[in-house]
Amino acid sequence: MCEIYKKEIIKTENKEKRNRNKIFFSYVIPSVLAFALSGVYAIVDGFFIGNSLGDIGLSAINIAYPVGAFMQAVGTGIGMGGAVNYSISSAAGDRKKAHSYAGGTGTFLLIASAVLTILLYLGLELVIRLLGAEGDIFVFSREYLRIIVLGAVFQIFSTGIVPLIRNYNGAVQSSR
């Protein structure tokens, strides 16, 4: 009798472990894909600009890359913080507080986008010089980054909203 009981416990534990693994990977795989694909635009830009402008254009994109990565990092950091607070409140059963965290995160993403757009646009030449650009590379980097910086709201908001969508039980939707 005791052996049968032990076998049932082991079966239950194995089933629970498989369910945990399934849940874990249902969140991890879409998250990894979402973050991996968020950097693809730089590769695509590099391909097209490198083919049309050559080494100088490709160098300009490489100089500009840290600015784009910084904008994505700001969005991801804000989004992760909001998503964690949303999850904690939601798990505690405080749906009102959880939704206020989600709304606050969206608002903070928009404010951060506006502030970064203004600061980066006004300090663009200083940032490019600090990154080491000179001559033609400076000119191409400046032109490229003007466009990227003016679209900062899209980069920051899109990377910041992914963790919130994931915590709204939308792991697959957030990676699309």
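Summary of values
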| quantity | calculated |
| --- | --- |
| Among residues of the range 120-169, those that are over 29 Å from Thr107 (Cα atoms), open to solvent by less than 60 Å² (accessible area, probe 1.4 Å) and among the aromatic types (Phe, Trp, Tyr), counted | 1 |
| Extreme residue, most open to solvent (accessible area, probe 1.4 Å), among residues of the range 106-117 that are among the polar types (S, T, N, Q) and touching a helix residue (DSSP H, G or I) at 6+ places or on another chain (Cβ under 7 Å) | Thr117 |
| Number of the exception - Leu33 against (1) open to solvent by less than 60 Å² (accessible area, probe 1.4 Å); (2) in contact (Cβ under 8 Å) with a residue 12 or more places away in the chain; (3) closer than 22 Å to Ile161 by Cβ | (1) |
| Total residues in the range 132-153, condition over 23 Å from the mean Cα position of the chain (by Cα) and not in a helix (DSSP H, G or I) | 3 |
| Contacts under 9 angstrom Cβ, first residue in the range 67-81 being touching a residue at least 60 places away in the same chain (Cβ under 8 Å) and closer than 19 Å to Ile165 by Cα, partner open to solvent by 10 Å² or more (accessible area, probe 1.4 Å) and not in a helix (DSSP H, G or I), 6 or more apart | Gln72/Gly39 |
| Failed condition for Lys15, given (1) touching a helix residue (DSSP H, G or I) at 6+ places or on another chain (Cβ under 6 Å); (2) at pLDDT below 75 | (1) |
| Where Val139 falls short, out of the listed (1) over 20 Å from Asp55 (Cβ atoms); (2) out of contact with any helix residue (DSSP H, G or I) (no Cβ under 6 Å at 6 or more places or on another chain) | (1) |
| The range 55-105, subset charged (D, E, K, R) and not in a loop (DSSP other than H, G, I, E, B), residue most open to solvent (accessible area, probe 1.4 Å) | Lys96 |
| Cross-chain or 6+ apart pairs with Cβ under 6 Å, the range 147-160 first and within 14 Å of Ala83 (Cβ to Cβ), then of a type in the set (Gly, Ala, Ser) and surrounded by 23 or more Cβ atoms within 10 Å (Cβ to Cβ) | Thr159/Gly75; Gly160/Gly75; Gly160/Gly79 |
| Candidate set: the range 26-83, residues that are at pLDDT 75 or above, β-branched (Val, Ile, Thr) and within 22 Å of Leu116 (Cβ to Cβ); chosen: the one nearest to the chain's Cα centre (by Cα) | Thr76 |
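The values are calculated or read from the model by the stated rules, or taken from the named source; none is laboratory data. Please read these numbers as outputs of a predicted model, since none were measured by experiment. With ideal geometry, Cβ positions are generated from the backbone for all residues, glycine too; neighbour counts draw on all protein chains shown. Side chains are part of the model used for accessible areas, which takes the heavy atoms of the whole protein and leaves out ligands, DNA and RNA. Shrake-Rupley method; radii C 1.70, N 1.55, O 1.52, S 1.80 Å.
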